[in-house]
1. Over the whole of A:101-111, what's the average partner chain Cβ count within 10 Å per residue? Rounded to a whole number, please.
2. Return the subset of A:Lys607/A:Lys719; A:Lys9/A:Lys293; A:Lys344/B:Lys52; A:Lys595/A:Lys675; A:Lys211/A:Lys281; A:Lys158/A:Lys292 for which the Cα-Cα distance in this structure is over 27 Å, preserving the input order.
3. How large is log10 I(q)/I(0) at q = 0.06, 0.08, 0.10 Å⁻¹ when the Debye formula is applied to the Cα atoms of chain A, each weighted equally and without solvent?
4. Over 10 Å intervals from 0, what percent of Cα-Cα pairs in segment A:399-456 sits in each interval?
5. Can you tell me the order of A:411-419, A:5-13, A:215-223 when each peptide is scored by its average per-residue count of other Cβ atoms within 10 angstrom, highest first?
6. Determine the distance separating the Cα centre of segment A:758-787 from the Cα centre of segment A:145-195; give it in Å without decimals.
7. Residue by residue through segment A:166-182, what is 3J(HN,Hα) from phi via Karplus (6.51 cos²θ - 1.76 cosθ + 1.60, θ = phi - 60°)? Round to whole Hz and write x for glycine and proline.
8. Can you give me the pair-distance distribution of segment A:709-777, C-alpha pairs, 10 Å bins, whole percents?
Amino acid sequence: MKSILELMKERRIYFDGGTGTVLQEMGLPAGQSPELWNITDPEKIISLHNRYFDAGANIVKTNTFGLNRDKFDNYAELIRAGIKCARTAAEGRKDAYVAFDMGPTGQLLEPLGQMKFEEAVSVFADNIRIASQCGVDLILIETMNDSYETKAAVTAAKENCDLPIFVTNVYDESGKLMTGANPAAMIAMLEGLGVDALGMNCSLGPDIMLKIIGEFEKYSSLPVIVNPNAGLPEVHDGKTVYNIGADEFSDYMVKIAQGGGIILGGCCGTTPDFIKKTIEKTKALPYKVPHKKDYTCVSSYTHAVFVDEEPILIGERINPTGKPKLKEALRSGNLNYILNEGIKQTDAGAHILDVNVGLPEIDETKMMLECVSSLQAVTDVPLQIDSTNFDTLEKAMRIYNGKPLVNSVNGTEESMSHVFPSIQKYGGAVIALTIDEKGIPDTARGRADIAKKIIERASEYGIDKKDIIVDPLALTISSNPESAVVTLESIKLIRALGVKTSLGISNISFGLPQRNIITSTFYSNALQCGLNCAIMNPFSPDMMNVYHAYRALNMLDIGCVDYIEYASADKGNTQKHTETKSEETLHSSIVRGLKDSAVIQTENLLKDTEPLDIINNHIIPALNEIGTAFEQKKAYLPQLLMSADAATAAFDSVKKKIPSEQSDKSKAIVLATVKGDIHDIGKNIVKVLMESYGFTVYDLGRDVPPEVIRDCAVEHDCKLVGLSALMTTTVPSMAETIKLLNETDRSIKVMVGGAVLNQEYADMIGADFYGADAMDSVRYAENFYSEYQKIV
Amino acid sequence: MKNSDVFMITARTEDVEINKNELAQRLNVKRGYTNNTIESCKNSLMKIISYKCAYIRAPVDMSRENICDFGFMRIDSKNLYKNLSGCNEAFVMALTAGMAVDRELAKLKITSQAEHFITDAIASAAIDSFCDYASGIMKNGLDCAVRFSPGYGDLSLTFQKPLLERLNAQSLLGISLSPSYLMTPMKSITAIMGIKNEKHT
């Protein structure tokens, strides 16, 4: 028998339809797992598969959708039995294939969920190993509504078998996965990972999928699978039925086939009749495999960024070179600072963010993985993974949610032989530097020759030249007078090779005064020569001016809509700043909760006031004023928090002026919502206030086990711990934590708060202090440390 | 398992009016109080919130004291038993405001604690209000008991697992459950709403 991949080259092939619908007709009670029948009623499962084969389906899905080690103790046995049922039905039939069906784990992955990426890979890998031993023809990863979990499943499949891999995701009516990805983003990631077919299933009916099929047709170089539900369920005469019947369904499938659907089948609510009618109506339609699409793109977990006519801005701010504050943040593991840089660059208009965390004194790989994962929780632009360490690159590409941009490979054999295998495995576009063992060529021709060499070597790994973005390297004109001319000429020659280009723009002006003048003019020239991507500072008005002007001048911004918005927004900001300057003081800015104004006022004060005097004479009194107003119920909680925000911003500005060894690390507190409790609003409010009063806060989050709290207090030698609980059921967990802390170190004081607590409870569980509200807690902590410092 | 008898309710943001009392309570302000930050947080949130509800109408066997047997889950709970007295059917539902809200909150946690608190409060009030909206559609004139959720009284959070599985909540709503029974997206609700038996005359 031909392999499924060979058959797909010749003719349209068909999946089966729904499992649950047919099995419920056979007597499966609603809510019972159908997989159990693999062992108890195998003849019924075999009959299900036979009915689909008889209807003309080429591929049946094994009845293993919900099986994994976390859900069923005997999952392995159930998988084997399920595959045996399908194999029995396929026995002796022509063009009949068995797909091992694998659904989601049921848990969401980090950073928004709790499951670790590698844990998910491991769960799927167990299933794949069992399935590949039992003899299936392909792996079907289906009903996936999260791109990251999809990547974990595909990674597991690739690492544990050589079978063809098909993937279908669940898109909603807006054409996106539950976690945000659109088809272009999924296609970019899945093609990069090397799957054999991809598409959509479940969720909605064929009518909705028909609206999305165009996106697949446009972007996918791989065959597209369409397995819709039979519309939506409705109740008729007390029975649940789907609102699209077999005739209507198959009519839609004709249109889907004409629109680019290659592999057709059904999902919930469809039966053998649906498949039979679909085959009858579509088998004679002209069949052509999709042509290879030739576009350059990278993706995040929501969207793809295409490198084409539009100039692409790659934010350069997450790179410690020449940035002392970022260096400090990396050394102290201050992720918030880095995340903030990411968010600000995205808001400023960066399309992609470069992430480079290389410092000799830190564990670069560990920090890179943390940054990539955390950045992907707070910003949806694709990331450019930037490291000279091959291991860091490889590991970051593995855990990246999407198709990354990799920075970089160069023309040396060492670089190519390390970087290309990772790209081959995980997918990605790569920045290729025109430098090799002999250095950077002086001529444009020499740089283009290295580009050619890199493109050829990449093709040996199956990496297409559309995924190579060449950086011909800009060196400073202060020491290399011909640099700009050669680089610009290189861009033209390299574009003629049919690849895209990128430049680290700002190098050009290194060592010169007023660098922005040179840098932005060079950027403009480079764009004229065909530059695609610029690694640049999106906070630089000069650079953004060039970007917006170029788009307006080159018909990329028809009607100058974006330009007008950009130009007017800029004007507005200037006005706002002068306005706040004339009216506000730092004190009033904090009391009124005006963050921007507080920063401006602080910077003004810093010109002639000692940093510590600003804290003690301006920030703290203002906070006390709003705090008292809150206690007297003259101000509301949102106002108090806005003031805290403003105070924190002011505090941050002041801290820049205090040498780091002098900064006050003595006032610290560990905060946590105790184990079993998921409510963290109260704790978060206390945290904000504590920070605005200058405390260092170790926030452990919610549902935190006692040992974790103890370990944190011990590690940081922190003598004050704040615990929060909202549910009565978790008060014992709070008591347990206090007990453990007392046993560890009698000098640790524990303050507690939360909706279920009162003084009596607090006394009962041995707390040192009960805080009725956030201000109360802050006052206690302030007192504690002023007393404590007298003793120490 | 993908059950084929689950119904969906979705709503546009403008269709769901956020309950003012609920909002005031969660923001810790007087009813009707607002300011620029609250309004701008509300506007941003309304652009990304995506209401979805999945539900079934299920029979419940109440013949053994303090046990509510739905077939797919058997709940031993005094409080729920009392809540469902006089019912032998119930709506079992799961609702969510969507994953984009979690991402927005994660971002605000970095950029502004005040906006984080305010947005969190509005999102909580919003999903509760959507729950009222969806319940109204389910009821459609039926006399129903007060909604009851896992975590209330003695009804254990662990029942979120069979409930969410029964409703295909992962594929239909994108709700997943951690080992300690936390739902993601954070602004999600599971609930049971008993249908009172029709009075015989």
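Every number in this text was worked out from the coordinates using simple rules, so none of it is lab data. These numbers were taken from a predicted model, which means no experiment stands behind them. Cβ placement follows ideal geometry from the backbone for every residue including glycine, while neighbour counts extend to all protein chains displayed.
1. Mean number of neighbouring Cβ atoms from other chains: 4.
2. A:Lys607/A:Lys719; A:Lys344/B:Lys52; A:Lys595/A:Lys675
3. -0.49, -0.85, -1.17
4. 23, 50, 21, 5
5. Listed from highest to lowest mean packing, they are A:215-223, A:411-419, A:5-13.
6. The distance from the Cα centre of segment A:758-787 to that of segment A:145-195 comes to 50 Å.
7. 10, 9, 10, 10, 9, 9, 9, 5, 8, x, 10, 6, 3, 8, x, 6, 9
8. Histogramming segment A:709-777 at 10 Å steps yields 21, 55, 23, 0 percent.
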